Amino acid sequence: MEMSDNKIRIDIEGVEFGYSANPVLKNIGLTVNGPQLLSIIGPNGVGKSTLIHCINKILSPTKGVVCIDGEDVSSTTLKELAKKVGYVPYAANDAFTLSVVETVLIGRHPHSNWKSLDHDLDIVYETLRLINIEHLAMRSFDELSAGQHQKVMLARGLVQEPKILLLDEPTSNLDIKHQMEVTRIMRNLSQEKGILVIMISHDLNIAAKYSDNMIMLYDGEIYAAGTPEEVLTVENIKTVYDVESEVVVSHGRPHIIMLDPEFDDDVSPLDEETFIRKI
Amino acid sequence: MTFKEGKEEYYQGARKKVLFTTLCVIGVVAAFMISLTIGFYDLTVVECYQIIINHITGNIEDVMGDDIVWNTRLPISLYAIICGATLAVGGAIMQTILRNPLADPYTMGISSGASLGASLSIILGLSLWSGFSDDLSLVTMAFVFSLIPVGVILFFSIVRKTTPSKIILIGIAVMYMFSAITSLLMVTASEESLAEIYAWNIGSLATITWPDVPLPLIVSTLCIIFLYSQSRSINVMMSGENTSRSLGINTRRMTMICMVVISMMTAVVVCFCGTIGFVGLVGPHIARVFVGSETRYLLPASAAFGALFLLVANCIAMVAGTFGLPVGVVSSLIGCPLFIFLLLKMRRKAWK
Ligand SMILES: Nc1ncnc2c1ncn2[C@@H]1O[C@H](COP(=O)(O)OP(=O)(O)OP(=O)(O)O)[C@@H](O)[C@H]1O
Ligand SMILES: [Mg+2]
């Protein structure tokens, strides 16, 4: 399923945003060109979700412009934008219980019409199979585990068939195997279908392993942008997260080992009466 | 499981949903036929249909019977269908767009506004125009006042960003204020007026006559058709504001449009028969138990079930007691146990 039009470009220029008087994003400038998996990292509350919301018009920047393929999003209708940009929120908060198929089907909205149900269902089932949750199809969305929820939400973003897919911490509830699986699928999908996947992540090692590029937010600005190796340096991690670390390279990707000087070499042992035992 | 099987499973579910709606529609037709034959006059089933056939063919033999069946029972039964369908659809859509299972068509304060309007008309004899008859004054006052709370909510939605919870809270606040004014009026009211207001608040179809039917019929039909045409977008709104926006829906505009349409049809229906409760809140929930929450199935199912429910309640209301009971009372009396039974009995989870 090769996309005919492979041009994908996001230009963010001088974007500022604040929920109240004090700004969350200050003067963000970024160009992203071409299909890839791009991770956004940064500490809690730094504005990662806010930045994503500025890209797909959930929020409007107080200053600056966001252009997608050269078109200013502020003058693009939500409908047009929905065909280009997909979004998967941090947590689903659907009001009433639907089955998994019905939940994912909602994501087809921008492309569907009264007659497209059959085609839409094909795409839904195809996607469920792609991320290995076909067996959940008829289950009630409410009765799933947190990780299964997350995969269903991801499926909803995928069936939207966007050129740009924005994911807010898509793997935060997944076990290591599924974190790897989902992130790998995202990376491969970006190349196979020629889409730009932008993912917020708190797991630096997963992000480093699969991302083509990363940006690191700090204090409302882009502190670093580039390949994982360029971004994930000991100094950057120290400044942005205030965490000491060691970076080792494994299979050409940086791997972060966290250090804690207050703890590592200074662990007081438990008293003898405290134990656990498998019986 | 193969691809085909998966889809087939979905379609199977869909067919069951359509079946539920179809059964309700058949039920409506049956209940409608039956409803014409029951009441306080001793007319046999055969006589009733003879009267109807006679009326249609234009040779009325039994003037008295014609008056009972054609001029009394027929408009009341028709109105029960219109009213049940309107309130249940209004409730289903309000719940969906406000993402709240406790929402109903009265969430926007329509009922409190309508009773204030009715009270002003009954107690103080206020009217919008001096040329109106008493009945018409009541209807028009109820209609106009029922839309005031909606106006307030819309005003706030336009000047400020409102969330579903805010909309519900503003609705409740306005409702309390209007109820307070109504109570104040009632303190000064005569006993007769009190009884009349009280009956109006419970809602009754007993006073419905032919001239009351066309306007609600037309308005409700148009509004329900419009809402159905928007059902795909409305369905998306269950996923919350952010997801809806990213799927191309202007949630704020959609919420306002739906609120205007629902309050129009509810106000038009309610101003003739009083604030019949229950069916607007519970009707859609009972439908959800059978068809789930996907709007394209829920809307027709709610309409059909709401109509059936109110029609049956009205049949019972007509024969219960010495002079019949208000339909509002009967619908709650039989509806609540039914609803709780379904809640406990059904496996399908329709709510969180
Ligand atoms: N709706 C809101 N109203 C007011 N302030 C908000 C709102 N949403 C977020 N904020 C504030 O804006 C800042 C950035 O929030 P944002 O959600 O973008 O952070 P984040 O980087 O996604 O954090 P996390 O890693 O915890 O998800 C935070 O300080 C937060 O308190
Ligand atoms: Mg966030």
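The values are calculated or read from the model by the stated rules, or taken from the named source; none is laboratory data. Small disclaimer: the values here were computed from a predicted structure and weren't measured. Virtual Cβ from ideal backbone geometry, glycine too; neighbours counted across all protein chains shown.
Annotation: of all residues in the range B:237-248 being within 17 Å of A:Leu166 (Cα to Cα) and more than 7 Å from every other protein chain (Cβ to nearest Cβ), the one that is surrounded by the most Cβ atoms within 10 Å (Cβ to Cβ) is B:Ser244.
Every residue, every condition in (1) within 30 Å of A:Leu78 (Cα to Cα); (2) touching a helix residue (DSSP H, G or I) at 6+ places or on another chain (Cβ under 9 Å), yes or no:
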residue	(1), (2)
B:Lys166	yes, yes
B:Val174	no, yes
B:Pro214	no, no
B:Asn250	yes, yes
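Each row is one residue, and each column tells you yes or no for (1) surrounded by fewer than 16 Cβ atoms within 10 Å (Cβ to Cβ); (2) in contact (Cβ under 8 Å) with a residue 60 or more places away in the chain; (3) within 16 Å of ligand 2 (Cβ to nearest atom).
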residue: A:Val46; (1), (2), (3): no, yes, yes
residue: A:Cys54; (1), (2), (3): no, no, yes
residue: A:Ile58; (1), (2), (3): no, no, yes
residue: A:Val65; (1), (2), (3): yes, no, no
residue: A:Thr77; (1), (2), (3): yes, no, no
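Residues in the range A:83-105 that are within 16 Å of ligand 1 (Cβ to nearest atom) and either polar (S, T, N, Q) or in a helix (DSSP H, G or I) (or both): A:Asn93 only.
Based on what the data block shows, is A:Ser172 surrounded by fewer than 22 Cβ atoms within 10 Å (Cβ to Cβ), within 16 Å of ligand 1 (Cβ to nearest atom) and more than 10 Å from chain B (Cβ to nearest Cβ)? It would help to see each step written out before you state the result.
Details: surrounded by fewer than 22 Cβ atoms within 10 Å (Cβ to Cβ): yes; within 16 Å of ligand 1 (Cβ to nearest atom): yes; more than 10 Å from chain B (Cβ to nearest Cβ): yes.
In short, yes.
Across the range A:31-44, which residue is farthest from ligand 2 (Cβ to nearest atom) among those that are assigned to a strand (DSSP E or B) and crowded, with 16+ Cβ neighbours inside 10 Å? Among residues in the range A:31-44 that are assigned to a strand (DSSP E or B) and crowded, with 16+ Cβ neighbours inside 10 Å, the one farthest from ligand 2 (Cβ to nearest atom) is A:Gln36. Pairing residues of the range B:19-43 that are in contact (Cβ under 8 Å) with a residue 40 or more places away in the chain with residues that are of a type in the set (D, E, K, R), at Cβ distances under 8 Å and at least 6 apart in sequence or on separate chains, gives B:Ser35/B:Arg73; B:Leu36/B:Arg73; B:Gly39/B:Arg73.
Somewhere in the range A:108-122, is a residue crowded, with 22+ Cβ neighbours inside 10 Å and under 20 Å from the mean Cα position of the chain (by Cα)? Yes, that holds for at least one residue. Taking first residues from the range A:9-29 that are within 9 Å of A:Lys63 (Cβ to Cβ) and in contact (Cβ under 8 Å) with a residue 60 or more places away in the chain and partners that are of a type in the set (Phe, Trp, Tyr) and within 16 Å of ligand 2 (Cβ to nearest atom), no Cβ contact under 6 Å between residues at least 6 apart in sequence or on separate chains turns up. Checking each residue in the range A:142-160 for being within 12 Å of chain B (Cβ to nearest Cβ) and charged (D, E, K, R) picks out A:Asp142, A:Glu143, A:Arg156. Scoring A:Ser60 on the criteria (1) within 14 Å of chain B (Cβ to nearest Cβ); (2) small (Gly, Ala, Ser); (3) within 12 Å of ligand 1 (Cβ to nearest atom) leaves a single failure, condition (3).
Of these, B:Ser229, B:Ser204, B:Ser179, B:Ser193, which one is modelled with pLDDT of 95 or more and not hydrophobic (A, V, I, L, M, F, W, C)? I'd like the intermediate steps shown before the answer.
On the way: B:Ser204 fails: modelled with pLDDT of 95 or more; B:Ser179 fails: modelled with pLDDT of 95 or more; B:Ser193 fails: modelled with pLDDT of 95 or more.
Sole residue among the options that is modelled with pLDDT of 95 or more and not hydrophobic (A, V, I, L, M, F, W, C): B:Ser229.
For the residues A:Val66, A:Val73, the requirement of being out of contact with any His (no Cβ under 7 Å at 6 or more places or on another chain), more than 16 Å from ligand 1 (Cβ to nearest atom) and either within 7 Å of another protein chain (Cβ to nearest Cβ) or of a type outside the set (D, E, K, R) (or both) singles out A:Val73.
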